[in-house]
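The values are calculated or read from the model by the stated rules, or taken from the named source; none is laboratory data. Because the structure is predicted, anything quoted here is derived from the model rather than measured. Heads up, the Cβs are rebuilt from the backbone with ideal geometry, glycines too, and the neighbour counts pull from every protein chain shown.
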Amino acid sequence: MRDTTNPVAQCLPIVQNPESRIMASINRMTTLAKEISENTAIITDYLTSKGLEAASFDVNGLAEFPIPREDEVPFKARLDLAAATKELYDISVGPQQALRDLAWDCADSLSLHAVWDFDIARAVPLEGTISYEELTAKVEALNNGLPIGVLNLRRLVRHAMTNRIFCEPVKNHVAHTRTSRLLLEDEPLKNWAGFMSQDIWPAVANVVKAMRKWPASEEPTETSVNLTNGQSLPWFDYLQQDPVLNKRYNLAMQSHGGAAGYAVELVVQGYDWASLGEATVVDMGGNQGYISFAIAEAFPNLKFVVQDQAGMRTPETIGKVPDHLTQRVTLTTHDFFTPQTEVAKCYFFRHIFHGFSDKYSIKILQALVPALRKGSLVIINDGALPEPGTVSYLEERLMRTMDVFMQVTVNAREREADDWTDLFARADRRYRVNRVWKPERSALALIEAEWTAE
Ligand SMILES: C[S@@+](CC[C@H](N)C(=O)[O-])C[C@H]1O[C@@H](n2cnc3c(N)ncnc32)[C@H](O)[C@@H]1O
């Protein structure tokens, strides 16, 4: 069903009569204001009844709303509130001004980048304020005496303040907000801010140039990060040759993957693993095996072979299988572009395919074929794009942004339900997709395909 609070699904009726149009536009504002008030009441009543705080920008405030997805009514009210306030904001600004603003809001990334790169959050006291002069001296000292100058620092910090990063309670004196404090204390989120504003932002600006240079490319070496950084390695190889960047990326992904919809228990509970009986599951690209550990823990009839690239299995990088699982989980190496030799009931891929274009995803599915027997299963746990306009504004925005970023770094994409069926059919007609579904609360979908052998 289409969600009418989602701008993708909103095309207001074309009203020919000017009087009706006047009424429709005014009514929309009134409806939104009412929705905002009603949803705010649902949220505040919920918080009051539980003695909880609302999120706030107060330096000691709550950085995240304490409303779990399980509490469906207030959880939905918060999503609807965000959508309605955004729409009312957009209407109050008006399409013309909104477009002008959109085009130069890249300044947001600039001020965020400066705050992160110069480590300004570290120079602002958690209690009280600091003058711009003192702040500049401290930031310059933190940056090995790099001259930045009060004027430059002040303009960037004051721009960041328009995004609630720092505030100026007394003229010329800077203090922390809850947001700027996160840049001081939340290591994964701080790295997310740095990774996006320093490492990815220049490449975002070059995507269209890359599309013109390498039209319709599905190659992981013809991306905007290749163009921007003047190098021809695939993204993950590029990351691995730069330990500082690699660490930043991993911490940034921790911040992103730490979001509720990616929790490990969602895949443990989301698939009927017991239905496999006594079986072996090959966890392909399974990293250090933490997903297999969690499933093995809950389903004692299953054995796991966790395959990943050789680089993940060197003495320095290899993880440890918990003692009580060593009989049932093994960590091995296998490149999933080469023919599979491990014959098993089930091949499991979590967060793999969204990193590859169709061309390479098809190769991965074809490389499995030598090991498949009639009834073998391929289970995929990966991103799933919603049908346009069928989810809340916030969810739609998250998924569309993820999809775009897959293009920036790897020329890959997120997929809709139909895309998965199409992918298997193109890999080999002997695959049959049984089901594509999204477990409750999960940000990732599950796709189950079966090898029919005919
Ligand atoms: C995004 S991580 C997903 C890890 C794990 N499946 C999870 O859900 O947390 C992608 C994994 O694929 C592995 N990988 C990339 N290319 C591979 C290849 N050609 N063969 C095997 N593993 C590969 C990476 O080393 C990494 O561990």
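Quick notes
- Residues in segment 124-164 that are under 18 Å from Ala175 (Cβ atoms) and outside any helix (DSSP H, G or I): Val124, Pro125, Leu126, Glu127, Gly128, Thr129, Ile130, Ser131, Thr162, Asn163, Arg164.
Here's the yes/no breakdown for (1) loosely packed, with under 14 Cβ neighbours inside 10 Å; (2) under 21 Å from Asp3 (Cβ atoms); (3) touching a strand residue (DSSP E or B) at 6+ places or on another chain (Cβ under 9 Å):
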position: Ala84; (1), (2), (3): no, yes, no
position: Gln96; (1), (2), (3): yes, no, no
position: Leu99; (1), (2), (3): yes, no, no
position: Ala103; (1), (2), (3): yes, no, no
position: Pro125; (1), (2), (3): yes, no, yes
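- Single match in Ala203, Ala216 (criterion: surrounded by 16 or more Cβ atoms within 10 Å (Cβ to Cβ) and either closer than 22 Å to Tyr360 by Cβ or in the same structural domain as Met402 (by TED's automatic domain parsing) (or both)): Ala203
- Being more than 12 Å from the ligand (Cβ to nearest atom) and either closer than 21 Å to Met402 by Cβ or in contact with a strand residue (DSSP E or B) (Cβ under 9 Å, 6 or more places away or on another chain) (or both) holds for only one residue in Leu245, Leu239, Leu266, and it is Leu245.
- Residues in segment 284-312 that are over 14 Å from Val264 (Cβ atoms), free of Cβ contacts under 8 Å to residues at least 60 places away in the same chain and within 24 Å of the chain's Cα centre (by Cα): Asp308, Gln309, Met312.
- Complete set of residues in segment 153-168 that are over 23 Å from the mean Cα position of the chain (by Cα) and within 13 Å of Gly61 (Cβ to Cβ): Cys167
- Gly355 vs. criteria more than 23 Å from Leu276 (Cβ to Cβ), within 13 Å of the ligand (Cβ to nearest atom) and buried (at least 17 other Cβ atoms within 10 Å of the Cβ): yes
- Residues that are farther than 27 Å from Ser56 by Cα, of a type in the set (A, V, I, L, M, F, W, C) and under 22 Å from the mean Cα position of the chain (by Cα) number at least 1 in the following helices (runs of 4 or more DSSP H) confined to segment 169-243: 201-205, 207-213, 224-229, 235-240.
- Single residue of segment 219-255 satisfying the filter (among the aliphatic types (A, V, I, L, M) and at pLDDT 95 or above) that is surrounded by the most Cβ atoms within 10 Å (Cβ to Cβ): Val225
- The lone criterion from (1) without any contact (Cβ under 8 Å) to a residue 40 or more places away in the chain; (2) over 29 Å from Gln288 (Cβ atoms); (3) polar (S, T, N, Q) left unmet by Thr401 is number (2).
- Matching option when the condition is at pLDDT below 95 and either touching an Asp or Glu at 6+ places or on another chain (Cβ under 7 Å) or not aromatic (Phe, Trp, Tyr) (or both), among Ser442, Ser361: Ser442
- When residues of segment 432-454 are limited to those that are acidic (Asp, Glu) and more than 24 Å from Pro386 (Cβ to Cβ), the one nearest to the chain's Cα centre (by Cα): Glu450
So that you can scan it fast, the table gives a plain yes or no per residue for (1) surrounded by 15 or more Cβ atoms within 10 Å (Cβ to Cβ); (2) away from the ligand (no atom under 14 Å from the Cβ); (3) within 28 Å of the chain's Cα centre (by Cα); (4) assigned to a loop (DSSP other than H, G, I, E, B):
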residue	(1), (2), (3), (4)
Thr338	no, no, no, yes
Ala344	yes, yes, no, yes
Tyr347	yes, no, yes, no
Ile364	yes, no, yes, no
Ala367	yes, no, no, no
Arg373	no, yes, no, yes
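- Residues that are more than 12 Å from His176 (Cα to Cα) and of a type in the set (Gly, Ala, Ser) within segment 148-164 comprise just one, Gly149.
- Spans of helices (runs of 4 or more DSSP H) in segment 48-120 with at least 2 residues more than 21 Å from Arg164 (Cβ to Cβ) and among the β-branched types (Val, Ile, Thr): 72-93
- Any hit, segment 313-324, residues being part of a helix (DSSP H, G or I) and either assigned by TED's automatic domain parsing to the domain that holds Arg78 or within 12 Å of the ligand (Cβ to nearest atom) (or both): yes
- Exclusive hit being within 15 Å of the ligand (Cβ to nearest atom) and modelled with pLDDT of 95 or more, set Ala296, Ala274, Ala310: Ala296
- Exactly one residue out of Asp283, Asp308, Asp323 is out of contact with any Leu (no Cβ under 7 Å at 6 or more places or on another chain) and either exposed (fewer than 12 other Cβ atoms within 10 Å of the Cβ) or farther than 22 Å from Leu377 by Cα (or both): that is Asp323.
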